Amino acid sequence: MIPSAFAYSRATSLQDALIQLQSHEDAKLLAGGHSLLPLMKMRLATPSKLVDLGGLKEELRGVRREGDRLIVGALTTHSEVAHSKVVQESLPALSEAARQVGDLQVRNRGTVGGNIAHADPASDLPAIALAFDAEIVVATLDGTEVIPAHEYFLGPLLTALPEHGLVTHVSFVLPDPGTQTVYEKYPHPASGYAVVGVAAAGGVGTDGTVSHIRVAITGAGEVAYRASAVESALAGQTPTEETIRAAAAQAAADGDIAGDLFASEEYRRHLCQVYTARALRRVFASQLA
Amino acid sequence: MAEVQGIGVRVKRKEDPRLITGEGRYTEDIQLPGMLYAEVVRSPHAHARIKRIDTTAALSSPGVVAVFTGADIEGHVAPIPTAWLPPDSDIKTTAHPALAVDRVRYVGDGVAMVVADDRYRARDAAELVKVEYEPLPATADQELAMGEGAPLLHDDAPGNIAFHWRAGNATDEVFEQAEVVVRHRFRQQRLIPNPMEMRAAVAEYNRSTGDLTLYSTSQNPHIHRFLLSGVLGIPEHKLRVIATDVGGGFGAKIACYPDEALVCHAARVLNRPVKWSEDRSEHFLATTHGRDHIEDVEIAGKQDGTITAIRVRAIANMGAYLSTAAPGVPTILFGLIVPGPYRIPYAGADVYGVFTNTTPTDAYRGAGRPEATYLLERMVDLFAAEIGMDAVAVRQKNLIPSDQFPYETAMGLSYDSGNYQLALHNALETADYETLRATQAELRKEGKYLGVGVTTYVEICGLGPSQVAGAVGFQGGLWESSTVRVHPTGKVTVFTGASPHGQGEETTFAQIVADKLHIPVEDVEIVHGDTARISMGWGTYGSRTTPVGGSALAVATDRVVEKAKKIAAHMLEAAPEDVEFVDGSFQVKGIPTKSTSFHDVTLQAYLAWNLPAGVEPALEGQAFYDPTNFTYSFGTHICVVEVEAETGQIHLRRYIAVDDCGRVINPMIAEGQVHGGIVQGIGQALYEGAVYDDQAQLLTGSFMDYAMPRANFFPRFETSFTETPSPHNPLGVKGIGETGTIAATPTVVNAVMDALRPFGVKDIQMPLSPERVWSAIRNGGSAE
Ligand SMILES: Cc1cc2nc3c(=O)[nH]c(=O)nc-3n(C[C@H](O)[C@H](O)[C@H](O)COP(=O)(O)OP(=O)(O)OC[C@H]3O[C@@H](n4cnc5c(N)ncnc54)[C@H](O)[C@@H]3O)c2cc1C
């Protein structure tokens, strides 16, 4: 729990952060520190320098709605997301996910940008990002890059974030008005991370059949994924207990499901199905009633 | 005069404002001028020969003052002793060097200590100590370790058997002739205590006087002084151990550890203060673990529900070395309580202690008694199921009746007092047992699985009569000391040999004195945890602090009153037998106007201008109290759970605890003890468990994998007490620190098994993780 020596400086501007990041070999950005510092304390990460983003809150913090998009600044904490009225009204699933991140201290310190950059396979936000076609907005010294979520999460702690890139915002596509969005999570009893987390959204057309549906799952495997098989199984169907169950049975099909000490691969597959069914029941609650 | 907050009052904890505002003074807070920092280099291998240790790079690392290896300390730091040697057990106290010399035996075994001028530099240098290992086969499993061809840990312990201990009167015939016999194997998983404060030590040596002071995280500083004096060759009068604020121990701070001894040695050699503090990752490896038994249990009885015999053959995992109190835990503290609160004529325990390549085990909250209570209470439920009787009815039938105390058990213990039926009755009433059963039946029809679990328990606490301690091989006494110093102004300082570390005795002990002297609790200061200020003491564990330490305090306070009465009588010109102490003043019996206050007397005692003949000045009472028996707390716990069949998740709906610890000194503190105990007990039932792989590497080495129970996992606990005083100590008190841990584990598991009855599930390995429950439901039987 004693990190090795590192240099520290507080970035004065976005540009300054990018320059410092590039000019120092092994430099790392520091946001909430709740993923990076534990790794450093165990000496699993030994950056030579930390570039603290704490001074950039003016530019990189906050939530705003722009047209059909919800834009969340990288330095916005999970608590701020959870408590944001805008998020609660426009994308309740994100609010629900943020509310269930770790514990109070983690939510007060951990940031959306840090979460997306770190890309823990059991993080909650990747599921939301995939379900709502998020774009990860990245600043580099060469300019701005926009990476769609489905091209961004590549594996455990592995992303398409360019070297020396800094996530500035995450931009979610808001679903059509009237769409129910939910997040169902099974937290790990030790870490609080998702053993399985399911983000889902959907709605029915005038004929009562499912007109749009989105399901994304995190925690279950190597990387979060869109549960396309579930989506296609339910699209065009009338939401009933039976159709939901049948669709949810496909929940693990698109994932690279993995087991660990707490939950085997088999059990996780099962949980994917159970939690997907639970999420879908909530999404289509008024049709099922 | 302020209101007297004596025995029975919910006084807020005096220590809390200090502790919860960060003003406590823990070992980690000790900063001494010129202090150095130590870091222990630990083995990454579970079992290996040390071929070479190269300290050159570490020694030339910035700030490094010294590096010690096993070879360096040989002859200066003696092996770490084991201090509980159960008789007739063929115990092998194999050498436990403070730093491994030629072989490491578990992941975390110390191989070197680096001392530097700064903690970070010490840590950096520790990484530069090059140790060349030749890995050897290893095992973490005690049954495998006992078997053919298992890697041998100690040449002088063949078959890795550390000891073999037997007790009881249960013979094979008893079981052969029984109407019903139920057999089952349980595995008590290994737990990692994880007190909030980890271990730490600061040693300061004075070369000119030869005095060494050790600040340490200790539950028993006098025992540590006693043992370390031998390890270090420093006589006791030159060794001072201080442990004032200690942030929890749960048994893990009883043992004498290598690290503390090394810090003392380093301070002595370097003539500078040295600090060492464990970090959490280190704690997982280097501080004793608890439980870890394999238990084959048999219970015998009749179709009418009478239990006639119980016996267990247990294999206890002792880890790589025998820790200080470790051998007493799976033997005396476990085997002797196997028949529990029931009238069972035959009982037996047959226990192997086995060495494995794991962190040594030792006492963990409850120490042996939770293990015994678990197997008994699970077996009672399995027996009840076998004969088709309600498990509560079986308990009612077998509980020792309240008119049978003192009760001699098949194991030779004498339970001092009890009213087991009353506790059970109160718990059932609080739970509304009949309604719960009806609700359960209703919910089952809806596919919801409610379960009700019950435990009736008794525990050995108030450790204990020293004569018995000797007879069972404990290498120490178990009496307790107390000095009550009344100052001229009537304020009081108490010096106790007990060593509370979170339990609240700074308050409850003050209440005992306040009650007896009729003074405000604020006027009483409790001093503990310093061998220089307290003559002697045996510390805090085994739920002994109040029954033994509190009793010593009561006797010492009575001695104060006795002497004060003589002085008062002299002042009042009356005979001492005509004077009584009422509401804080001494008065001549029958003449309330003829009185003098406690304060007047204390002042006169010190002025000594006019003392009665034969009475010495000052006012101080001292007692060395040795109890005549253990004392036996008991009670009934009931838990209501709901199991989600779809996922195997368990939801705790209600938890009811009725405990009897004799006279309750501070109900709020007693409740707090019960709450914490329940949480730890449920931790074992549902969440916690150390897992080693087949190379004996610890897989659950951090809070990311090792699930500690959290406040939001629990419903509100419904706690209450019955009060059956202990007849043999002056306060009538028993212990309350461990009851929750002892009772909660089987209560919750019984509840879950009750919920799973429709699926034919009889038992599931703890912790009852959702996956295990889910698999058991799917398999309609045991998950493993
Ligand atoms: C006990 C505990 C429980 C947790 N439980 C959960 C949970 O249930 N669900 C969940 O989703 N998360 C959980 N987390 C993680 C938490 O959400 C973290 O806060 C988050 O993953 C990282 O955010 P941070 O701001 O702390 O990032 P930091 O730790 O500061 O940084 C993490 C990594 O991202 C990089 N980084 C940070 N910001 C940026 C940026 N803007 N651009 C590019 N790179 C950047 C850093 O260099 C570093 O490599 C938990 C953490 C802990 C300690």
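Observations
- Remark: accessible surface ordering of A:Leu75, A:Leu39 (largest first) is A:Leu39, A:Leu75, probe radius 1.4 Å.
- Dividing the convex hull volume of the alpha carbon atoms of the protein assembly as shown by its residue count gives 195 Å³ per residue.
- The alpha-carbon of B:Lys238 sits under 15 angstrom from the alpha-carbons of these aspartates and glutamates, leaving out residues fewer than 8 places away in its chain: B:Glu204, B:Asp211, B:Asp530.
- Rg/Rg_globular for region B:377-526, with Rg_globular taken as 2.2 N^0.38 Å and Rg from C-alpha atoms: 1.56
- One Cα centroid belongs to region B:510-538, the other to region B:580-624; the line between them spans 20 Å.
- For region B:215-276 versus region B:357-378, the inter-centroid distance based on Cα atoms is 26 Å.
- For the chain pair A and B, buried accessible area totals roughly 2300 Å², probe 1.4 Å, rounded to the nearest 100.
- Computed accessible area, B:Tyr133, all protein chains, 1.4 angstrom probe, square angstrom: 40
- Pairwise centroid distance, computed over Cα atoms, of region B:307-350 with region A:58-133, Å: 53
- Computed FRET value (nearest 0.05) for B:Asp600 with B:Met668, which takes r as the C-beta separation and R₀ as 51 Å: 0.90
- Rg ratio for chain A: its Cα radius of gyration over 2.2 N^0.38 Å, N being its residue count, equals 1.01.
- An oblate overall shape is assigned to chain B, the ratio a/c of its alpha-carbon gyration tensor axes (a ≥ b ≥ c) being 1.5 or greater and a/b not exceeding b/c.
- Ligands, DNA and RNA left out, the accessible area of region A:102-175 computed with a 1.4 Å probe is 51% carbon and sulfur.
- Ranked by solvent-accessible area (1.4 Å probe, protein heavy atoms only, all chains present), the residues B:Phe717, B:Phe634 order from largest to smallest as B:Phe717, B:Phe634.
- Taking amide H atoms as placed 1.01 Å from N in the peptide plane, the amide H of B:Arg42 lies under 5 Å from those of B:Val111, each 5 or more residues away in sequence or on another chain.
- Scanning residues 5 or more positions from B:Ala325 or on other chains, those with amide H under 5 Å from its amide H are B:Ala83, B:Ala363, with H placed 1.01 Å from N in the peptide plane.
- Interface residues in region B:120-164 - accessible area drops by 10 Å² or more relative to the isolated chain, probe 1.4 Å: B:Tyr120, B:Arg123, B:Asp124, B:Glu127
- The gain in end-to-end length when the B:Asp211 to B:Asp117 segment is fully stretched comes to 31.6 nm, 0.36 nm per residue minus the alpha carbon separation.
- Look at the alpha carbon pairs under 8 Å that are at least 6 residues apart: their mean separation over the length of chain B gives a relative contact order of 16 percent.
- Distance cut-off 17 Å, percentage of C-alpha pairs in region B:109-163 lying past it: 56
- Calculated from backbone phi, Karplus (6.51, -1.76, 1.60) coupling profile of region B:240-247 in Hz, x at Gly/Pro: 10, 10, 10, 9, 7, 8, 10, x
- Under the shape rule built on the C-alpha gyration tensor, where the axes satisfy a ≥ b ≥ c, region A:7-53 is oblate, since a/c reaches at least 1.5 while a/b does not exceed b/c.
- 3J(HN,Hα) along region A:146-162, derived from phi through the Karplus expression 6.51 cos²θ - 1.76 cosθ + 1.60 where θ = phi - 60°, amounts to 10, 10, x, 3, 5, 9, 8, 7, 9, x, x, 6, 10, 9, 8, 4, x Hz, with x in place of Gly and Pro.
- Dipole magnitude for chain A: about 840 debye, using +1 per Lys or Arg Cβ and -1 per Asp or Glu Cβ, origin at the Cα centre.
- For B:Tyr692, the accessible surface of its heavy atoms amounts to roughly 50 Å² (probe 1.4 Å, protein chains only, rounded to the nearest 10).
- Placing pseudo-labels 7 Å out from each Cα toward the beta carbon at B:Glu577 and B:Ala95 gives an inter-label distance of 6.6 nm.
- Computed from the Kirkwood radius of its Cα pairs, the Stokes-Einstein diffusion coefficient for region A:61-173 at 4 °C and 1.567 mPa s stands at 94 µm²/s.
- Buried on assembly, region B:647-679 (at least 40 Å² less accessible surface than by itself, 1.4 Å probe): B:Thr647, B:Gln649
- Three semi-axes of the equivalent ellipsoid, region A:181-288, Cα gyration tensor, whole Å, largest first: 25, 13, 10
- Summed side-chain charge close to B:Gly462 - residues other than B:Gly462 whose Cβ falls under 15 Å, Lys, Arg +1, Asp, Glu -1: -4
- Rounded to whole Hz, the Karplus (6.51, -1.76, 1.60) HN-Hα couplings of region A:205-220, x for glycine and proline: x, 5, 7, x, 9, 5, 9, 8, 7, 9, 9, 9, 10, 10, x, 7
- Annotation: B:Glu646 carries an accessible surface of approximately 70 Å², with a 1.4 Å probe and no ligand, DNA or RNA atoms counted.
- Pairs from the table (A:Lys28/A:Lys57; B:Lys14/B:Lys253; B:Lys516/B:Lys565; B:Lys734/B:Lys762) lying more than 25 angstrom apart at Cα are B:Lys734/B:Lys762.
- Of A:Ser232, B:Ser535, the residue with the largest accessible area leads and the full order is A:Ser232, B:Ser535 (1.4 Å probe).
- Remark: region A:181-288 carries 34 Å² of accessible area per residue (probe radius 1.4 Å; ligands, DNA and RNA excluded).
- Between B:Asp29 and A:His24, the distance separating the two model label sites (each 7 Å from Cα on the Cα→Cβ line) works out to 3.4 nm.
- Apportionment of accessible area to carbon and sulfur, region B:86-147, percent (1.4 Å): 49
- Note on region B:604-728: Cα Rg divided by 2.2 N^0.38 Å, N the number of residues, gives 1.77.
- Farthest toward positive dipole pole in chain B [+1 Lys/Arg, -1 Asp/Glu at C-beta], among B:Asn610, B:Val246, B:Gly701: B:Asn610
- Take every pair of alpha-carbon atoms less than 8 Å apart whose residues are at least six positions apart; their mean separation over the length of region B:39-166 yields a relative contact order of 40 percent.
- Bridging of B:Lys130 to lysines at a Cα separation below 20 Å is possible for B:Lys51, once same-chain residues fewer than 8 apart are set aside.
- The mean number of Cβ atoms from other chains found within 10 Å of a Cβ in peptide B:704-710 is 4, as a whole number.
- Cross-link check: pairs B:Lys563/B:Lys594; B:Lys491/B:Lys563; B:Lys397/B:Lys445 evaluated at a Cα-Cα cut-off of 27 Å; pairs beyond the cut-off: B:Lys397/B:Lys445.
- The mean accessible area for residues of chain B, using a 1.4 Å probe and ignoring ligands and nucleic acids, is 34 Å² per residue.
- The calculated pair-distance distribution of region B:555-657 uses every alpha carbon pair, bins of 5 angstrom beginning at 0, and gives 2, 11, 16, 14, 9, 6, 5, 5, 5, 5, 5, 5, 5, 4, 3, 1, 0 percent.
- For region B:376-531, relative contact order (Cα pairs under 8 Å, six or more residues apart, normalised by length) works out to 12 percent.
- Cα-projected label distance for A:Asp103 with B:Glu386, points at 7 Å along beta-carbon direction, nm: 4.2
The values are calculated or read from the model by the stated rules, or taken from the named source; none is laboratory data. Just so you know, these numbers come straight off a predicted model, no measurement behind them. For neighbour counting, all protein chains shown are included, and Cβ atoms are generated from backbone atoms with ideal geometry for every residue, glycine included. We work out accessible area using only protein heavy atoms, side chains counted, and drop any ligands, DNA or RNA first. Shrake-Rupley method; radii C 1.70, N 1.55, O 1.52, S 1.80 Å.
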